[in-house]
Amino acid sequence: MDTLIKSSSKMPEGNFDPNDSIQLRYKFIKEVPTQFKINDSIIYLGNGKCIVGFDLKGEKVSEIKIAQEILNGIPFSDFEASEVFNNMYYLLIGGKFILVDANDSQQKIVFEYNAGGDKIFSAGKDNFFIPYQSQSSDGGIISSLKKYFDNENKLNDFKSNVDFSGESFLASNGVIYFISEGNELHLVSYNERIETDIIQLEGMIDNRAWVLGFQNDKLLVKQVSDSGNDIIYELNKNNFKVEKSNLLDIDYSDINQELLEDEDLFLDNPNRIFYASYKNSIKVLRIGKSGNAIVYSL
């Protein structure tokens, strides 16, 4: 492991550069968010029942509690906030992909699809991808991807011969980046609907990996070390070789206790911090025991 770690960053809460962090003016005590999204003007946090929006100064600007009639007892597993219409939210609830209009007190479903999957991956401007699995005629499992086009108001099957399930995606400039088992980096052109390249990554540990996004023309990939800490790899954008690795030595002492006790979070977020790709940077959400939340750049 020592040969992989070239630098480390110790990031205890409350010790960040104030010019590069946003303290959200809201205390998360009873219902702690586990979903983190960001666009040009709003930071969105979700907890399966509610979506709270903050401006880039940390002030709360919206709070939408999804109606019980829509949830039907099942928390949403992921969401996206529309960049085109205010108070329009795309939700995944029990495998259904729905658009909710929250502009009036009633809340209404604009449309609904049985998409499957539990994650929404945005390609910007209401282009969303949803991994799902379906059963083939011979009883096998087909891992696929659906792409949603807002102007056509429908979901399209995008690919059916690559295993898209279970990992993080990055959609950028017409290309989907994702890592499958064995540290294979897949580059898929979603404009042409073809798989363009598979690259075997070297210099990473043989653990599960997640694509986070780009930063200064480096592709950032997260893995979890055997000690349970996150490792962030910087890959050269041109040849995808690992140029640098950072072990995030996170201090557990002030992480929100509800997050630490949430076993479902452990595989993807053993440190209980959340990442969001935003333009050419990676933003991180951290929530302390007091319920205070802070967003900062990686």
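The values are calculated or read from the model by the stated rules, or taken from the named source; none is laboratory data. Values in this document were obtained by computation on a predicted structure and should not be read as measured data. Backbone-built Cβ (ideal geometry, glycine too); neighbour counts: all protein chains shown. With ligands, DNA and RNA removed, areas are computed over all heavy atoms of the protein, side chains included. Shrake-Rupley method; radii C 1.70, N 1.55, O 1.52, S 1.80 Å.
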Q: May I ask you to evaluate 6.51 cos²θ - 1.76 cosθ + 1.60, the Karplus curve with θ = phi - 60°, for each residue of the range 179-184 and list the ³J(HN,Hα) values in order in whole Hz, giving x for glycine and proline?
A: 10, 9, 4, x, 6, 8
Q | Sulfur and carbon atoms: percent of accessible area, the range 24-114 [1.4 Å] | A | 46
Q. Under a point spin-label approximation (7 Å from Cα along Cα-to-Cβ), what is the D226-N207 distance to one decimal in nm?
A. 1.0
Q) Within the set K37/K108; K146/K283; K49/K237; K57/K147, which residue pairs have Cα atoms separated by over 31 Å? A) K49/K237; K57/K147
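Tell me, what is the per residue accessible area of the range 249-297 in Å², probe radius 1.4 Å?
Working: 2100 Å² over 49 residues.
Computed with neighbouring chains in place, this is 43 Å² per residue.
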**Q.** Span from the the range 274-290 Cα centroid across to the the range 16-66 one, whole angstrom
**A.** 10
Q: Pop out the ³J(HN,Hα) list for the range 71-81 in order, Karplus 6.51 cos²θ - 1.76 cosθ + 1.60 with θ = phi - 60°, rounded to Hz; leave Gly and Pro as x.
A: 5, 6, x, 10, x, 6, 8, 6, 8, 9, 9
Q: Could you compute the FRET efficiency for Q200 and S105, with r as their C-beta to C-beta distance and R0 at 45 Å, rounded to 0.05?
A: 0.25
Q) Extension gain N173-L260, at 0.36 nm per residue separation less the Cα-Cα distance, in nm? A) 27.7 nm
